[in-house]
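Worksheet: the structure to be examined is printed underneath.
Every number here is computed from the coordinates shown, using simple stated rules; none is lab data. Source: prediction; values computed, not measured. Neighbour counts run over all protein chains shown; Cβ positions are idealised from the backbone, glycine included.
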Amino acid sequence: MARLEVEVGGWEHDRCGPELLRFTSVEWTVIPVAGGPFVETHHGMDETEGLKVIEVVGTIVELEAIDRDGSRTPITRIPSGRALRGMDEDDAGDVIELHTDRLIDVSDDGFIVTVEVTD
């Protein structure tokens with residue numbers, strides 16, 4: 001098994017991204033970034049648009065919020081984009097630190113999801 005780090009967040013997740021939980025399966029299109037993690041995209045990008053894209057199928061094993069200084073904080077889940085924007089009456093959109101239950105400020109809305117994939 002291999003593990004890939006994938007950046008999730010920003011406008012794409014805010015617009016229509018689903019809630020993300022550990023130990024759930026994902027099928028994503030990702031864009032490799034030199035010197036960084038892959039970037040998830042779910043808006044129909046493909047190689048005809050001039051970008052190299054890779055299909056990733058695997059299981060989420062880690063979730064982290066990216067702090068403004070670039071450090072990472074392990075979290076319990078990534079709320080849906082609607083919840084993060086305060087538009088989900090059933091979900092407050094709270095981002096909670098793993099092991100401490102401390103609320104995390106995610107105003108920059110950047111997350112790293114580690115996905116375990118088969119080799």
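Below 13 angstrom from the Cβ of Val33, what's the summed charge of the other residues (Lys, Arg +1; Asp, Glu -1)?
Details: positive: Lys52; negative: Glu5, Glu7, Glu40.
Around Val33, the surrounding residues sum to -2.
Sorted by packing (mean other beta-carbon atoms within 10 Å per residue), highest first, where do 2-15, 59-72, 22-35 land? Display every interim value, and only then the final one.
Values: 2-15: 16.5, 59-72: 14.8, 22-35: 12.5.
So the peptides 2-15, 59-72, 22-35, ranked by packing, come out 2-15, 59-72, 22-35.
Semi-axes of region 2-117's equivalent ellipsoid from the Cα gyration tensor, sqrt of 5 times each eigenvalue, largest first, rounded to whole Å?
Working: eigenvalues 104, 51, 37 Å².
Gyration-tensor ellipsoid for region 2-117: 23, 16, 14 Å.
Which value, in nm² and rounded to one decimal, describes the direction-averaged projected area of the C-alpha convex hull of region 53-119? Don't skip to the answer; put the middle values down first.
Values: hull surface 23.9 nm².
With every direction weighted equally, the projected area is 6.0 nm².
Under a Cβ-Cβ cut-off of 10 Å, what is the net charge of the residues other than Arg22 that fall near it, where Lys and Arg count +1 and Asp and Glu count -1?
Working: positive: Arg77; negative: Glu62.
Taking every other residue near Arg22 into account, the sum is 0.
Tally Lys/Arg at +1 and Asp/Glu at -1 over every other residue whose Cβ is under 15 Å from the Cβ of Val57; what's the total? Kindly include the intermediate steps, with their values, before the conclusion.
Working: positive: Arg3; negative: Glu27, Glu40, Glu55, Glu116, Asp119.
Computed value for this residue: -4.
Read phi for every residue in region 83-98 and hand back ³J(HN,Hα) as whole Hz from Karplus 6.51 cos²θ - 1.76 cosθ + 1.60, θ = phi - 60°, with x for Gly and Pro.
The phi angles translate into 5, 4, 7, x, 10, 10, 5, 9, 9, 6, x, 5, 10, 10, 5, 5 Hz.
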